[in-house]
Amino acid sequence: MIKRTAFCLLFIFTVFFTFTLDLEIPESVEQGGVLTVVTDSSGVKLSFGSDDEIHSRTESFKTDIDGQQVYIALLGVPSTLAPGTYAVNAFGSPDDGEESRTEAIIVKSRDFINEDIPLGNSMSELRQSDDARKAEQWRTLLEILKNVDSTHVYESEKLAVPVTDYIRTSSFYGDRRRFLYDDGTSARSIHNGIDYSAEPGTPVYAAGSGRVVFSGERIISGNTIVIEHLPGVYSLYYHMNSLKAGEGSFIEAGTQIGAVGATGLVTGAHLHWEIRVAGVAVDPGQLTGDCIIDKDFILGNIGNQ
């Protein structure tokens, strides 16, 4: 009798303290889009992908939406991801008795441009070289972009195009590129941002408020600045001829951070602007028309938390 009572008490204790993690996601998202997830607490670990591969990882954070405190997470969808059904996985804190949760989401296709880019001798050598510094600089940048700090909430509104006086948009997000080398060979790549052609010295402004997490020169991207806007959300600015914001500084949206140049791997003066969400390059153009976070979706799902 004593053993049975103890078992019953243990069963009641377990049921009382174990609960299902709340998870709200949209029905679909486009290639290159940002996926907004509503959860029921901060620090929830999330991943997006399939049984074969995880494409992005992040964790939820607390933010204020129209005066209401909510818990959300942002995941990036690669432009190269085949259309189809994928999984959003959430893992709560075992200490709080939260169970894991999985929801399905449909990734829709969109059209991308194919372009050939001829490179002269110097640029061909730069891209084809086996300089170990290129790989090391890429690894360093990836480590920065993988960082998700749930306390770093700086910007939630629309981003602004960082060059107001540009001549034209010379390349678009997701362009399928073929580099044509001067030796007759070629290589393919995906363009992860938007290129704005402009006169050298044209001011470049911060697209949104945030903290500068990198400011310096890189072999391929030239003079580069990276700004953290939200947990796991970063904007990148390449090829500038001067830098006006130092690492660790906090800057407001619209602050000048540099000037257009032709440093690194370029065929002319321009600014390459890129947005990374949970390590994934997403379409910057979508975030100038809509807020970084989908407020309508969040407000419509607060009652489900």
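Could you list, in sequence order, all residues of region 1-47 that are modelled with pLDDT under 50 and small (Gly, Ala, Ser)? Let's see the steps before the verdict.
Our first condition is that a residue be modelled with pLDDT under 50; within region 1-47, this holds for 1-19.
Within region 1-47, Ala6 is the sole residue that qualifies.
Which pairs turn up if I take residues in region 147-163 that are under 12 Å from Thr63 (Cα atoms) and look for partners that are of a type in the set (Phe, Trp, Tyr) with beta carbon separation below 6 Å, at least 6 apart in sequence or on another chain?
Hits for this filter: Ser150/Phe61.
Open to solvent by 50 Å² or more (accessible area, probe 1.4 Å) and acidic (Asp, Glu), is that true of Glu155?
Working: open to solvent by 50 Å² or more (accessible area, probe 1.4 Å): no; acidic (Asp, Glu): yes.
Against the criterion (open to solvent by 50 Å² or more (accessible area, probe 1.4 Å) and acidic (Asp, Glu)), Glu155 does not qualify.
Quick one: which strands (runs of 3 or more DSSP E) lie wholly within region 189-254 and hold at least 3 residues that are in contact with a Leu (Cβ under 8 Å, 6 or more places away or on another chain) and of a type in the set (Phe, Trp, Tyr)?
Details: elements: 193-197, 203-205, 210-218, 222-230, 233-240.
Strands (runs of 3 or more DSSP E) meeting the threshold: 233-240.
Where residues in region 107-151 are open to solvent by 70 Å² or more (accessible area, probe 1.4 Å) and assigned to a strand (DSSP E or B), which of them is modelled with the highest pLDDT?
Lys108
Given the conditions (1) out of contact with any His (no Cβ under 8 Å at 6 or more places or on another chain); (2) buried (at least 23 other Cβ atoms within 10 Å of the Cβ); (3) free of Cβ contacts under 8 Å to residues at least 40 places away in the same chain, and given that Leu243 satisfies all but one, which numbered condition is not satisfied?
(2)
The values are calculated or read from the model by the stated rules, or taken from the named source; none is laboratory data. Just so we're clear, the structure is a prediction, and the values are computed from it rather than from any experiment. Heads up, the Cβs are rebuilt from the backbone with ideal geometry, glycines too, and the neighbour counts pull from every protein chain shown. Ligands, DNA and RNA are excluded from the accessible area calculation, which covers all protein heavy atoms including side chains. Shrake-Rupley method; radii C 1.70, N 1.55, O 1.52, S 1.80 Å.
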